[in-house]
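S.K.: Below are the structure tokens for one structure; questions will follow.
Computed from the coordinates by the stated procedures, all read-outs in this text should not be read as laboratory data. No experiment lies behind these values; they were computed from the predicted model shown. Note that we place each Cβ from the backbone using ideal geometry, even for glycine, and neighbour counts take in every protein chain shown.
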Amino acid sequence: MIFLNEHARSIPAKILMALGVLTGIITAILLVSDYSEWLMNATGPVSSEGDRLRILIMLICCLIYFFRFSFSLLVFVQRKIAWLEAIVVSILFYMMFYYFCFSAGSYGGSVGVLDFIGVALFLSGSAINVVADYQKFAWKKESKNRGKLYTSGLFRYSMHINYFGDALGYFGLALITHNAVCVSISLGMMVYFIGFEIPLLDRHLKQKYTKEFEAYARRTKKFVPCIY
């Protein structure tokens, strides 16, 4: 259950969600490196022949995501997070980041143009997400804005610009893996945002800010700036 109307710190649940990302990254990196023979022996997979530079690039990108995601959860996310939601999200994120990191580490080709495009998309998406969330957070902290709908900053270009940033970042990570399944996962995340998360949030915002929301929805793209 997602609590949009209830506010709580939910620190333990947020930590669990962040750990899902971190443990997925660590497990995969260990499996594609030469630094954990005991783990490879215990779990079965053989050390990959992946490009070391790509492994390093993916590790850095995923750690950036981990710290950004953790910071956003602890600072920007004010709503209550149920334990069921935290458990499901942590498991899904573990599987996704494990597969992304392992796929990147298993691809033997040299780092090339596609990898740099992936990094650029990831960094751009991360920047969009952080800037948008910070702008909204700072605006809502001012008492004069209490009870008002935030529609400025990056949110003037898209009603859900933070979700767009996340989707762009996931797609960028998927490109670095050179793996069709990872690309499909990133596109699946985009479909999930558009088909579930965004409609759920829109219903909540329409109920809370009826006239403001309707006016905002008429003049602003829903997800991709200038397109949709």
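S.K.: Could you work out how much longer the chain between LYS148 and LEU123 gets when fully extended? Use 0.36 nm per residue separation minus the Cα distance between them, nm to one decimal. Each step should come with its number before you reach the end.
M.R.: Numbers: separation 25, 0.36 × 25 = 9.00 nm, distance 3.07 nm.
Length difference between fully extended and current span is 5.9 nm.
S.K.: Turning to a different aspect of this structure: Read phi for every residue in region 129-143 and hand back ³J(HN,Hα) as whole Hz from Karplus 6.51 cos²θ - 1.76 cosθ + 1.60, θ = phi - 60°, with x for Gly and Pro.
M.R.: For region 129-143, the Karplus-derived couplings read 4, 5, 4, 4, 5, 5, 4, 5, 4, 5, 5, 6, 6, 7, 4 Hz, x marking Gly and Pro.
S.K.: In degrees, nearest 10, range 0 to 90: what is the angle between the Cα axis of helix 52-71 and the longest Cα principal axis of the chain?
M.R.: 30
S.K.: Which entries in LYS14/LYS206; LYS14/LYS211; LYS80/LYS148 show an alpha-carbon gap greater than 25 Å?
M.R.: From the list (LYS14/LYS206; LYS14/LYS211; LYS80/LYS148), the Cα-Cα distance tops 25 Å for LYS14/LYS206; LYS14/LYS211.
S.K.: How high is the relative contact order of the chain? Use alpha-carbon pairs under 8 Å, at least six apart in sequence, and give a whole percent. Can you show the working numbers first?
M.R.: Details: 308 pairs, mean separation 54.0, N = 228.
Normalised by residue count, the contact order of the chain is 24 percent.
S.K.: For each of TRP139, TRP83, count neighbouring Cβ atoms within 10 Å of the residue's Cβ, then give the residues from fewest to most.
M.R.: TRP83, TRP139
S.K.: Rounding to the nearest 10 and keeping the result within 0 to 90°, find how far the Cα-based axis of helix 161-177 lies from the longest principal axis of the chain.
M.R.: In the chain, helix 161-177 runs at an angle near 10 degrees to the longest axis.
S.K.: Moving to a separate point now. Could you list ILE25, ILE91 so that the one with the fewest beta carbons within 10 Å of its beta carbon is first and the one with the most is last?
M.R.: ILE91, ILE25
S.K.: Equivalent ellipsoid semi-axes for region 44-119, as square roots of 5 times the alpha carbon gyration tensor eigenvalues: give them largest first, rounded to whole Å.
M.R.: Rounded to whole Å, the semi-axes are 29, 16, 8.
S.K.: Contact order normalised by length for region 112-228, with contacts defined as Cα pairs under 8 Å and 6 or more residues apart; what percent is it? Provide the component values of the computation, followed by the final result.
M.R.: Working: 123 pairs, mean separation 40.1, N = 117.
Value for region 112-228: 34 percent.
S.K.: Straight distance only, please: which lysines reach the Cα of LYS144 with their own Cα at less than 17 Å, same-chain residues fewer than 8 apart left out?
M.R.: List returned: LYS136.
S.K.: Based on other C-beta atoms within 10 Å, arrange LEU154, LEU173 from fewest to most.
M.R.: LEU154, LEU173
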